[in-house]
Amino acid sequence: MLVLLGIAVIAAGFLLRFNPLLVVAASALVTGLCAGIDPLHILAAFGKAFNANRIVTVIYILLPVIGLLERYGLQSRARDLITNLRGATTGRLLLGYLLFRQITAALGLTSIAGHPQTVRPLIAPMAEAAAPDGADPERARALTAATDNIGLFFGEDIFIAIGSILLMKGVLEGYGIRLEPLQLSVWAIPTAIAAFVIHGTRLMLFDRAARKRAS
């Protein structure tokens, strides 16, 4: 029962609002010691877990870089770029981004774009700048975030090695239905096309409503 002290450490640490990373580390240390594990083996387990998941720490490098780029005018340059393009509108811009997001996700490049590295610093400011006067900037930002989500969600299922495809294959096999990942990917294509058409229509309707308000 002593190994359950780790749970008590987590509860007390979060209740007292200590640093979550320190709370989890302390809980693991307490659990290991109560289980009779040598401290060096506990330290080795920490090192192995960090080494196996070190790709997760890339985000800590990415965010400061994006912050510095924004500080030195990344969003301003993005707005200037889109305002200099003739005929650019919020709907057309996001429609192109939706197509780009779906195609790259279908190829397995799910991390090539996203909210922190693309939507917030680039696409959202461009979508706001492309909107006519009187358009709701909050709705433009919301459509930008939705475009990224829809493009990724309905595009990634076309890639046969994505986790969702493998999950569906495993679940179906549990019910005696044997399908190859390629079969699931092929049937994801019509869904992705439907998502593109439906969300693309929403984007064009946003442009139409914005033009009416501006006039």
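The values are calculated or read from the model by the stated rules, or taken from the named source; none is laboratory data. Owing to the predicted nature of the structure, the values given are computational and were not obtained by experimental measurement. Please note: Cβ atoms are built from the backbone with ideal geometry, for glycine as well, and neighbour counts cover all protein chains shown. Please note that ligands, DNA and RNA were not included when accessible areas were found on the heavy atoms of the full protein model with its side chains. Shrake-Rupley method; radii C 1.70, N 1.55, O 1.52, S 1.80 Å.
If you go through region 160-178 one residue at a time, do you hit one that is assigned to a helix (DSSP H, G or I), within 22 Å of Ala88 (Cα to Cα), open to solvent by less than 50 Å² (accessible area, probe 1.4 Å) and of a type outside the set (Val, Ile, Thr)?
Of the residues in region 160-178, the ones assigned to a helix (DSSP H, G or I) are 163-174.
Those still in the list that are within 22 Å of Ala88 (Cα to Cα) too: none.
There is no residue in region 160-178 that is assigned to a helix (DSSP H, G or I), within 22 Å of Ala88 (Cα to Cα), open to solvent by less than 50 Å² (accessible area, probe 1.4 Å) and of a type outside the set (Val, Ile, Thr).
Of everything in region 144-155, what is open to solvent by 40 Å² or more (accessible area, probe 1.4 Å) and of a type outside the set (A, V, I, L, M, F, W, C)? Give them in sequence order.
From region 144-155, those open to solvent by 40 Å² or more (accessible area, probe 1.4 Å) are 149, 152-154; that's our starting set.
The one that is open to solvent by 40 Å² or more (accessible area, probe 1.4 Å) and of a type outside the set (A, V, I, L, M, F, W, C): Asn149.
In region 195-210, which residues are free of Cβ contacts under 8 Å to residues at least 40 places away in the same chain and touching a helix residue (DSSP H, G or I) at 6+ places or on another chain (Cβ under 7 Å)?
The answer is none; no residue qualifies.
For residues in region 173-215 being of a type in the set (Gly, Ala, Ser) and more than 23 Å from the chain's Cα centre (by Cα), which is farthest from Glu128 (Cα to Cα)? Please lay out each step first, then the result.
Filtering region 173-215 down to residues of a type in the set (Gly, Ala, Ser) leaves 174, 176, 185, 188, 192, 194-195, 200, 209-210, 214-215.
Okay, now just the ones that are also more than 23 Å from the chain's Cα centre (by Cα), so 174, 176, 209-210, 214-215.
Numbers: Gly174: 48, Gly176: 50, Ala209: 15, Ala210: 12, Ala214: 14, Ser215: 18 Å.
The qualifying residue farthest from Glu128 (Cα to Cα) is Gly176.
Under the condition of being open to solvent by less than 60 Å² (accessible area, probe 1.4 Å) and assigned to a helix (DSSP H, G or I), which residue from region 179-189 is nearest to Leu99 (Cα to Cα)?
First, the residues of region 179-189 that are open to solvent by less than 60 Å² (accessible area, probe 1.4 Å): 179, 181, 184-185, 188.
Keeping just the survivors that are assigned to a helix (DSSP H, G or I) gives 181, 184-185, 188.
Numbers: Pro181: 23, Leu184: 21, Ser185: 18, Ala188: 15 Å.
Per the stated criteria, the residue is Ala188.
For residues that are out of contact with any Phe, Trp or Tyr (no Cβ under 8 Å at 6 or more places or on another chain), surrounded by 14 or more Cβ atoms within 10 Å (Cβ to Cβ) and β-branched (Val, Ile, Thr), scanning just region 81-109, find the one that is nearest to Thr201 (Cα to Cα).
Thr89
Here is a check on your reading of the model: is Ala192 in a helix (DSSP H, G or I), in contact (Cβ under 8 Å) with a residue 12 or more places away in the chain and open to solvent by less than 80 Å² (accessible area, probe 1.4 Å)? If you could, list the steps in order and put the result at the bottom.
Values: in a helix (DSSP H, G or I): yes; in contact (Cβ under 8 Å) with a residue 12 or more places away in the chain: yes; open to solvent by less than 80 Å² (accessible area, probe 1.4 Å): yes.
Criteria met by Ala192.
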